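First up is the structure itself, then whatever we jot down about it.
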Amino acid sequence: MSFPTNELIIELCTDKYKKWIQREYQYVTEYNSLPGEYVLLSERYTQPLITMKHREKREQEEEMCSVGGSFQQLLISRNNADKDSSILDALFSADNKGISPRSVILQGNSGNGKSFTAQKIMLDYASGNIRREEFDYLFHLKCKELNLISGEKSLAELLSHNSNLASDQISQILQKSPDKVLILIDGFDELRFSYSDTSSMPKLSHVSEKAPLEASVKALLKGHILSESFLLVTTRSTATKTLGGLLKHPQRFTEIIGFSEKEVDEYFQRFFQNEELSRKAFEYIKANETLITACSIPVICWIVCTVMRERFSDGADVTSGLETTTSIYVDFVLTLLEHHCQSLSQSVMILLRSLGQLAESGMLEKQVLFEEKSVCETVPDPAGSPFLCKFLFKRRIRQETMFSFMHLSFQEFFTALYFISLAEREFLDKLTERFHSQTQSYLALYLDEKFPLKYGCSEPHFLPVIQFLCGLSNKEVSSSLKETHHLSVPSFVQAQLEEWILHVSSNRDYNLLPFILHCLYELHEKDLAGVRHVLGSAEQDGLLGIVVLNLKLNFAAEELKMLQPVLCRTPEL
């Protein structure tokens, strides 16, 4: 009687393992999924743009301050991963010196698709869609799950937590072909390690050797065990420097930079699985510069599509698709607070207020990149905040660490969020100081299509903050904030905003009309008193016969009827 060889046993185990991955990894559970609900990964995953290098300070500032077409051009120019090749081919290909990395850092902001990308790589491996000969065996470590493991564990035992193989089977595979193994470590920034001096930790040399969790993981990262294997580690930017100091060489840095318009369109098609609905939804979002820019973040694409699908299923027309731009930003913040803040060291209220103070200081100083010292003085534990990005730049002979919000529009949003937390007197003072005295000078920039803030220069201003304040005063939005985090929008905020809008519109300068209508649309008040006042004055003055209206808004029949006298007198629309 012949017994199966060790080679055959490993082959059978691998086949069984791949079938398990196909079953487990083909589905995703969404943030709002009910028990038993799931969707196919293929209906959600769209390959994001990836850059293979650290960006310079000037490049970061350009991306932070751009919207619309200029932002799209910048994203596409930054992408240097071949979209026609698989993700692994792009990440592990040889560089111009012929060197292939053993370790790859895949950095990405919260909600940018790091975990989805790891899941897609695992599914591709199990489905036979990976062409690289180096990778016969792939294993997946989820750092969020590693935090729940106690006691001493070997590397083989850790890898068995996310597979259907026993630790002794994994040990056999790792010993047979260590140079054919790729281990994905997802969410390095979530590990609750001290990263202190490890000289007292045991020196590991074998995959079956038990040790404290931190020692086993660090031995893998440093290459003390499985030195010939390959590593792909995903992380937020706040932990990249620490990770780089732990990883074996040769290393490569890569970063998910999100979706261009093309990927947003592809995502919508996958989500809706209906050509007509996806086209309507995409065209609606494309008309809104702020939202199409925000949709570069994959999780915002999901939020937008989820909201619009609900509208479509209720039989609503596409023009009622989204209530306001602010509502999407609020949904995004609430999503990250619920699902990406497990290790938060302070209350949500303290976090949001400190982020708002940092945002406002940047607006006043006309900056979108913040020095590490000023951030640490304002925001407790900035590394734990999913809303901040951390960058390393070369500055002469040393490194410089800086922080930013994901985009200038989020800095503007958090400034507005900070304003609603103020007492009435302080709020009014800021409204007067920031906006009354600067309306005309900022308006000239706001109306100019070469407006420096939005097109790559460095002149932050406060008009978008007013729009976000109007959106936060919207009854549905304010109710959502109160229900989830007991964050109330004081009644005086809307009253002061309406008074400010009436004051500005009373100047009879109808170059202001587009901005005022944007504000009123964000307020979304049913009585539309502000609209009646503004448009009544416009009709009375004959709109001066010189206004060019460029309104990317959606109006219901009642609003359109009220706009009719103005539109009839507008030479160019």
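The values are calculated or read from the model by the stated rules, or taken from the named source; none is laboratory data. Everything quoted here is computed from the prediction, not taken from an experiment. Cβ placement follows ideal geometry from the backbone for every residue including glycine, while neighbour counts extend to all protein chains displayed. Remember, those area values only see protein heavy atoms, side chains included, never the ligands or the DNA or RNA. Shrake-Rupley method; radii C 1.70, N 1.55, O 1.52, S 1.80 Å.
The table that follows gives values for the structure above.
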quantity: Unit Cα scatterers, Debye sum, the stretch 20-130: log10 I(q)/I(0) for q = 0.11, 0.14, 0.19, 0.20 Å⁻¹; calculated: -0.47, -0.74, -1.14, -1.20
quantity: Low-density loop cleavage sites - GluC sites (Glu not before Pro) in the stretch 1-78, where at most 15 other Cβ are within 10 Å (DSSP); calculated: 30, 37, 56
quantity: For residue 50, residues with placed amide H under 5 Å, excluding near neighbours; calculated: 80, 81, 257
quantity: For the stretch 1-82, alpha-carbon Rg and Dmax in angstrom; calculated: 22.3, 73
quantity: FRET efficiency estimate (nearest 0.05) - Cβ-Cβ, residue 227 to residue 152, R0 25 angstrom; calculated: 0.70
quantity: Net lengthening on full extension, residue 241/residue 309 (0.36 nm per residue, minus Cα-Cα); calculated: 20.5 nm
quantity: The stretch 161-227 versus the stretch 35-102: alpha-carbon centroid distance in Å; calculated: 28 Å
quantity: Accessible surface, the stretch 15-67, averaged per residue in Å² (probe 1.4 Å); calculated: 53 Å²
quantity: Where trypsin sites (Lys or Arg not before Pro) fall in DSSP loop in the stretch 377-430, at most 10 other Cβ within 10 Å; calculated: 396
quantity: Restricting the stretch 2-64 to chymotrypsin sites (Phe, Trp or Tyr not before Pro) in coil, as DSSP defines it, with at most 16 other Cβ within 10 Å; calculated: 31, 38
quantity: FRET efficiency, residue 338 to residue 129 (Cβ-Cβ, R0 25 Å, nearest 0.05); calculated: 0.15
quantity: Centre separation in Å (Cα based) which lies between the stretch 462-525 and the stretch 322-395; calculated: 22 Å
quantity: Kirkwood Rh, angstrom, the stretch 227-379 [1 / mean 1/r, Cα pairs]; calculated: 18.6 Å
quantity: Accessible area of the stretch 1-138 belonging to carbon and sulfur atoms, whole % at 1.4 Å probe; calculated: 50 percent
quantity: Extension gain (nm, one decimal) between residue 426 and residue 396, 0.36 nm per residue minus Cα-Cα; calculated: 6.6 nm
quantity: Carbon + sulfur, % of accessible area of the stretch 141-237 - ligands and nucleic acids excluded, 1.4 Å; calculated: 45 percent
quantity: Alpha-carbon Rg with Dmax, taken over the stretch 242-291, Å; calculated: 17.7, 50
quantity: Potential lengthening between residue 194 and residue 475 on full extension [0.36 nm per residue; Cα-Cα distance subtracted]; calculated: 96.7 nm
quantity: Set 18/142; 53/203; 97/262; 53/142 screened for pairs whose C-alpha atoms are more than 23 Å apart; calculated: 53/203; 97/262; 53/142
